[in-house]
Ligand code: NCD
């Protein structure tokens, strides 16, 4: 039963609960007209303390397409955060007005603090370099659509694996499904944090390897998940400038890969995928952005306990 729950970490939902969300998102994709007013009279609050395009718009579009309404801010300076209000006071206030809240925050753990002080469901829309569970729902739904399964896949994750929160959440989530293998492609300085290796991969005996060159592994992977170097999490600009163009996926590299490869990216992209790759049928990143809205429609319905 997902009604009333928070979503802060990708492990918050059981595999059965995830299956319920996938099944509902399938129904929404095939018959969106059946869901036009299921959230009538409900209000979603979007509390964005960090920039966003896809996550905020897809949540807002999701709620509006379900017949609900939205309030919120996309700029913390326009809220009382700028006057020094605490997260817990802000959420207690928002809970007086809205039925469900989505929060993105630069500080790791902020959405969890909100959830602990909230009577309404709180959804983590990205907390610092930590987790991004609704991007993961999006990613799982996309992989399911492309591959018809979430098991037995060889997944290459490439770029800023240290600060990229989408990567941390996706590894956690995919580690729960049988037979998946990870190839972690990054410069030495941007490797996956050690807690992901010890607490998630090694603890569960999951096969993985770390490599620095993308070319080396293009041929063997089923999924290539590209990521942006997370400029805003760097302590100094020189390091960012040195590392930002570590990987550029282009046609030459795509030619090395299998015809069944899919390329994903949470977006925004900076330079890491050449625009020439967009017309390759294996490029799935804009489809992935679209699945993001359906994923959030299903999630909102489940947390509010509404259905067709
Ligand atoms: C990601 C994020 O915010 O972590 N964007 C998104 O939500 N789709 C990835 C990124 O900013 O690089």
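All of the numbers you see were taken from the coordinates with simple rules; none came from a lab. Keep in mind the model is a prediction, meaning the values are calculated, not measured. Positions of Cβ are generated from backbone atoms using ideal geometry, with glycine treated the same way; all protein chains shown enter the neighbour counts.
From the largest down, the range 203-308 spans 49, 39, 37 angstrom on the principal axes of its Cα atoms. Across the chain, the mean sequence separation of Cα contacts (distance under 8 Å, 6 or more residues apart), normalised by length, yields a relative contact order of 21 percent.
At 7 Å along Cα-to-Cβ for each site, give me the label-to-label distance between residue 278 and residue 117 in nm. Inter-label distance under the simple model: 4.2 nm. Comparing 37, 99, 239 in a Gaussian network model of the chain (Cα springs below 10 Å), the most mobile by mean-square fluctuation is 239.
Each DSSP beta bridge with both residues in the chain is either parallel or antiparallel, and the antiparallel ones are about 5%.
Could you identify which residue out of 119, 222, 255 has the top mean-square fluctuation in a GNM of the chain using Cα springs shorter than 10 Å? Looking only at 119, 222, 255, the largest GNM fluctuation is found for 255.
Along the Cα-to-C-beta direction of residue 85, a point sits 7 Å from the Cα; which residues of the range 112-132 have their amide N less than 16 Å from that point? Correct set: 114-115, 117-120. Here each label is just a point 7 Å from Cα along the line to Cβ, and for residue 248 and residue 308 those points are 4.8 nm apart. Give me log10 I(q)/I(0) at q = 0.14, 0.17, 0.18 Å⁻¹ for the range 134-288, Debye formula, one equal scatterer per alpha-carbon, no solvent. So the normalised log intensities are -0.64, -0.97, -1.10.
What angle, in degrees between 0 and 90 and rounded to the nearest 10, separates the Cα long axis of helix 165-174 from the longest principal axis of the Cα atoms of the chain? Orientation of helix 165-174: about 80 degrees from the principal axis. For the range 36-131, the alpha carbon convex hull comes to 86 Å³ per residue, rounded to a whole number. Only Cα pairs under 8 Å and 6+ residues apart enter the sum, and on that basis the relative contact order of the range 164-308 stands at 21 percent. With springs connecting C-alpha atoms under 10 Å apart, model the chain as a Gaussian network and identify which of 16, 185, 71 has the largest mean-square fluctuation. Residue with maximal mean-square fluctuation among 16, 185, 71: 16. Please grab the % of Cα pairs in the chain that end up more than 37 Å from each other. Roughly 14 percent, rounded to a whole number. Across the alpha-carbon atoms of the range 267-308, the computed radius of gyration and Dmax are 14.9, 43 angstrom.
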